[in-house]
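Below: the structure, in structure tokens.
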Amino acid sequence: MVQHIVLWSFKEGVDQDENFARIDSIFKDFAPQVPGLQSLNLYRGFQGYDVCLISIHDDKAALEAYQTFPAHLEVKKVISDIRSARASCDFEF
């Protein structure tokens, strides 16, 4: 299994509550459709970032499929417009 962690900071002036709810809703809508995605959760505020995403995938191939899943590509566009910083890491276990 692979755990995928992504952290984002919002740009100054961005409504954090509204945008967190927006991206949380998008992820929750498409997550059940992604093969090999076991879980996906978003959290508020983590180590100086505004949003933390933690997802668990069956294996590296499932994570790669998630990265190119059409709905994931769309939410990445939404997030890129409202974020000022991003960090990510993956762990196999």
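The values are calculated or read from the model by the stated rules, or taken from the named source; none is laboratory data. Fair warning: this is a prediction, and the values are worked out from it, not measured in the lab. Please note: Cβ atoms are built from the backbone with ideal geometry, for glycine as well, and neighbour counts cover all protein chains shown. Quick note on the areas: whole protein, heavy atoms, side chains included, nothing else; ligands and nucleic acids left out. Shrake-Rupley method; radii C 1.70, N 1.55, O 1.52, S 1.80 Å.
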**OP:** Rounded to the nearest 10 degrees, what's the angle between the helix 70-82 long axis and the longest principal axis of the chain, both from Cα atoms, 0 to 90?
**Re:** 20 degrees
Original post:
Between P35, A21, Y49, whose Cα lies farthest towards the positive end of the dipole of the stretch 9-50 when Lys and Arg beta carbons carry +1 and Asp and Glu beta carbons carry -1, centred on the Cα centre?
Top reply: P35
Original post:
Given the Cα-Cα distance of V14 and D29 and 0.36 nm per residue of separation, how much length would full extension add, in nm?
Top reply: 3.1 nm
Original post:
Averaged per residue, what accessible area in Å² does the stretch 14-80 show with a 1.4 Å probe, protein chains only?
Top reply: 56 Å²
Original post:
Cβ under 15 Å from D90's Cβ, D90 left aside: what net charge do those residues give with Lys, Arg +1 and Asp, Glu -1?
Top reply: -2
Subject >> Cβ-defined net charge surrounding M1, 9 Å radius [Lys, Arg +1; Asp, Glu -1] >> reply: -3
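Assign one of three labels to the chain, namely rounded, prolate or oblate, based on the Cα gyration tensor with a ≥ b ≥ c the square roots of its eigenvalues; rounded applies when a/c is under 1.5, prolate when it is not and a/b is larger than b/c, and oblate otherwise.
It is prolate, given that a/c is not under 1.5 and a/b is the larger ratio.
Show that you can apply the helix-only estimate: for the chain, add -39,500 (n - 2.57) for every DSSP H stretch of four or more residues, divide by all residues, and state [θ] at 222 nm to the nearest 500.
Values: 3 runs with 36 residues, N = 93.
Value at 222 nm, helices only: -12000 deg cm²/dmol.
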Original post:
Could you give the distance between the Cα centres of the stretch 22-50 and the stretch 62-91, to the whole Å?
Top reply: 10 Å
Subject >> Residue among A61, A31, A71 with the largest mean-square fluctuation in a Gaussian network model of the chain, springs linking Cα atoms under 10 Å >> reply: A61
